[in-house]
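In what follows, a single structure is set out as structure tokens and then discussed.
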Amino acid sequence: MKKNNFKFPFVFLFTYSLIHLATVSYAGGVGTGAADFLKLAPDARAVALGNAYVAVADEANAIYWNPAGLGQLKSKEFTASYLSYVESINYGFLGFVCPQKLSAYAIGINYLNTSIERVRELDASPTGDRYEKDGNYTAGALTLILSYGRRIFNNLSLGLSLKVINEKLDDSSANAYALDLGGLWKLSRMKIGFAVQNIGTKLKDDSLPMNFRLGGTYSLLKGKLLTALALNYSLDKDFRAGIGLEYLLKQVFLLRFGYEYGNDLVGLTCGLGFKFRAYRIDYAVVPYTDFGLTHRVSFSARF
């Protein structure tokens, strides 16, 4: 009884803090501009499912999607993802989770870098050109994420993440700090998840893209078919809805399809997965209209 009596005030305080922080941030204008790289999903499985992942995440990628999912882990896990993005942008994610009896601690690193052509204006040119190439400069971002998830009841987990964000453009850089909060409720064949992301300080003069995520999953065919649905609303007035299907074939191969409504660049997504014992490799291909195809590869291991 004493343990249960402790859980109720914990849940109340967590929920109150989430609502309070979201309200204060919204009143201050948070989520209306900068650091769009924080919206970029790192892992291939989630992207192949149309980013409908807030209720799916109960493995190491929960660091990014919903820290409450970490509370469901029972073994250590490492994950790594790489994305060859549009316009020569490289993006990656590394994560490690260390579970305890009823909780888990995790650390994650997101990075993004690219090289941009530098040009300078000419005063006069025999060819009539106004600009000429003047080398390249680099741009990038790095996010350090410290996460914690805990099972409050057998079927309810809560979690939070602290983010340290650095954005760099040539010789100038800026820092910001943010908080993610999330919850995950598991039933027999259904899960419901929610998360509030990027509640934090400004990056230079711009606010972070604060997100609200809500979604659910339902498993069919004795767990072989996973269906997922998620809604995402960012306070920069970006609304998206994703739906995904994942089918387990021969207990080894995973076939995935998804669709994300509200994303002007992306529509249909698809991917493959291969798992063997404690290891899994995932791949996703996403068409970005005129930019062509992008490819994500993820690897995870439990030990």
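Yes/no matrix, rows are residues, columns are (1) more than 30 Å from G223 (Cβ to Cβ); (2) crowded, with 21+ Cβ neighbours inside 10 Å; (3) under 19 Å from the mean Cα position of the chain (by Cα):
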position	(1), (2), (3)
T143	yes, yes, yes
S161	no, yes, yes
K168	yes, no, no
S172	yes, no, no
N175	yes, no, no
A178	yes, yes, yes
L181	no, yes, yes
R189	no, no, no
The residue that is nearest to N166 (Cα to Cα), considering only those in region 104-117 that are buried (at least 18 other Cβ atoms within 10 Å of the Cβ) and of a type outside the set (A, V, I, L, M, F, W, C), is N110
Could you tell me whether any residue of region 226-237 is in a loop (DSSP other than H, G, I, E, B) and under 20 Å from S298 (Cα atoms)? no
Apart from one, (1) aromatic (F, W, Y); (2) under 19 Å from the mean Cα position of the chain (by Cα); (3) over 25 Å from A68 (Cβ atoms) all hold for Y247; the odd one out is (2)
The condition of being of a type in the set (F, W, Y), assigned to a loop (DSSP other than H, G, I, E, B) and either at pLDDT 65 or above or surrounded by 14 or more Cβ atoms within 10 Å (Cβ to Cβ) (or both) holds, among Y26, Y64, Y82, Y53, only for Y53
Of the residues in region 67-79 that are crowded, with 24+ Cβ neighbours inside 10 Å and in a helix (DSSP H, G or I), the one that is nearest to the chain's Cα centre (by Cα) is P67
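Listed here are the residues, each with its yes/no results for (1) buried (at least 21 other Cβ atoms within 10 Å of the Cβ); (2) of a type outside the set (G, A, S); (3) at positive phi; (4) over 17 Å from the mean Cα position of the chain (by Cα).
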| site | (1), (2), (3), (4) |
| --- | --- |
| K204 | no, yes, yes, yes |
| G216 | no, no, no, no |
| K222 | no, yes, yes, yes |
| A230 | yes, no, no, no |
| K237 | no, yes, yes, yes |
| F253 | no, yes, no, yes |
| T269 | yes, yes, no, no |
| Y279 | no, yes, no, yes |
| D282 | yes, yes, no, no |
TODO: Return yes or no: is K222 closer than 30 Å to S172 by Cα and free of Cβ contacts under 8 Å to residues at least 40 places away in the same chain?
DONE: no
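The values are calculated or read from the model by the stated rules, or taken from the named source; none is laboratory data. The structure presented is a predicted model; accordingly, all values stated were derived computationally and were not measured. Glycine gets a Cβ as well: all are built from the backbone with ideal geometry, and neighbour counts include every protein chain shown.
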